[in-house]
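Here the structure comes first, spelled out in structure tokens, and everything after it is commentary.
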Amino acid sequence: MSLHYPTLGSVLLTVGILTSVMMIFIWRLYPTLQGTSLWAVGALLTTLGFFPMWLEPTLGSIAIVLNNIATITTPLLIFEGAIRFKGLHPLDHVRVPFEILYGIGYLLSTLLNIQNARGRYMINDLLMMIVLALTIVVLLWKVKGLERIVYIIIAVTFALIFVAFFFRWLFSMLNSDFLNDSNQVLTPIIFFTLVPWAIGWSYGFILIINIKGRQALFDATRTDVLTGLNNRLWMTEQFDAALKAATTKGTSLCLSVLDVNGFKKLNDKYGHMFGDEVLRHIGKVIRERLTDGDSAIRYGGDEFILLLTCPKSGNNLTQKLHQIVDAVTEPITIESVDLNLSISFGNALYPKDGTTSDELFKVADSRMYAQKRSAVR
């Protein structure tokens, strides 16, 4: 199987340019997303790695060196980018220096074996397979939902090129006549697998970024900007799901309404910016004390709603709620002002007090205001 490098280089160069343009566009569109800049550089290096192949008859050994630099650097950048994009960050203090040394080792192997293709493949292909295998592990680590499908597709493209490198490495280890037979078949196969690999990883990540972007927009419309808690729209959409989840676990659901006593006076005395800081503090305290299956909503103004799971008997509900209320009412200092917040609250238990969010809210809100009036008296 004869490999015409200029022709194949032109094909791969075209693929590389297209993927580079897309990855650079995504990087500039989402500059705050971790890893996208590394993928953009990786796509550019892939393109530059294809370019020497086009000039292989003229460059000779230099084309091999340039191609090998891109060959190892691109997967390392994709690997590092995937780690950062997924927020994994294992061994941050040693990982990047190790990756740099890894790339240098690969380059030294290339230079030492520049006239020995078999020796070059025995070492370099093994190093490449390790990077590809680690990248597959990172891609499939803790993924779910629609993203899982896309990550699997990307991983398959990495597995495809891994297999191609594996067979070339295996034949280079076992076959002393490697350059005369196996290399003529396996090397072209590796180059051809670069096309689905380049398209697969770049467009796969673009699709994942798009999914994350849509999810972030969805979450933003259902999150209270000030406190970071869920908002009223979230409650409208998710109450039935929370109720179903509690029922499935054999528990009940309690809706608790919390209101900050005297909040208007704080606003009038210290200003709305100060009041916002108070609400942020309350949201933070509530969020930190929620357990699995519980949710918190800023319903509006200084009113909060808790959806708490509890036994059907309602036992431990009071204790659970008081832990949150006690934490919120602990003395604090905000902008040099010492505060002792006071909270009124009311509860409603499903299905005893109602079977819909409106019914439960009405009961809990009524009980909260009754407690507030009692405190005033």
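The values are calculated or read from the model by the stated rules, or taken from the named source; none is laboratory data. Not measured: the values here are computed from a predicted model. Glycine also receives a Cβ, built like all others from the backbone with ideal geometry; neighbour counts cover every protein chain displayed. For accessibility, only protein heavy atoms count, side chains too; no ligands or nucleic acids. Shrake-Rupley method; radii C 1.70, N 1.55, O 1.52, S 1.80 Å.
Apply the Debye scattering formula to segment 56-108, with a single equal point scatterer on each alpha-carbon and no solvent, then give log10 I(q)/I(0) at q = 0.12, 0.14 Å⁻¹. Ignoring solvent entirely, the Cα scatterers give -0.35, -0.45. Only protein heavy atoms count here; under a 1.4 Å probe, Phe167 has an accessible surface of about 90 Å².
In summary, the lysines within cross-link reach of Lys269, defined as a Cα separation below 29 angstrom excluding same-chain residues under 8 places away, comprise Lys284, Lys372.
For the chain, the mean residue ellipticity at 222 nm estimated from helices alone is -24000 deg cm²/dmol, where every DSSP H run of n ≥ 4 contributes -39500 (n - 2.57) and the total is divided by all residues, rounded to the nearest 500.
Carbon-plus-sulfur accessible fraction, segment 289-377 (probe radius 1.4 Å, protein heavy atoms only): 46%.
Surface composition of segment 87-230: carbon plus sulfur atoms contribute 73% of the solvent-accessible area (1.4 Å probe, protein chains only, all chains present). Projecting the Cα positions of Thr135, Thr46, Asn210 onto the charge dipole of the chain (unit charges on Cβ atoms of Lys, Arg, Asp and Glu, taken about the Cα centre) puts Asn210 furthest along the positive direction. Counting only residues at least eight positions apart within a chain, or on another chain, the lysines with an alpha carbon under 17 Å from that of Lys142 are Lys86, Lys212.
Solvent exposure of the chain amounts to 51 Å² per residue of accessible area, where only protein heavy atoms count and the probe is 1.4 Å. With distances taken between every two different alpha-carbon atoms, the chain has a Kirkwood hydrodynamic radius of 25.1 Å.
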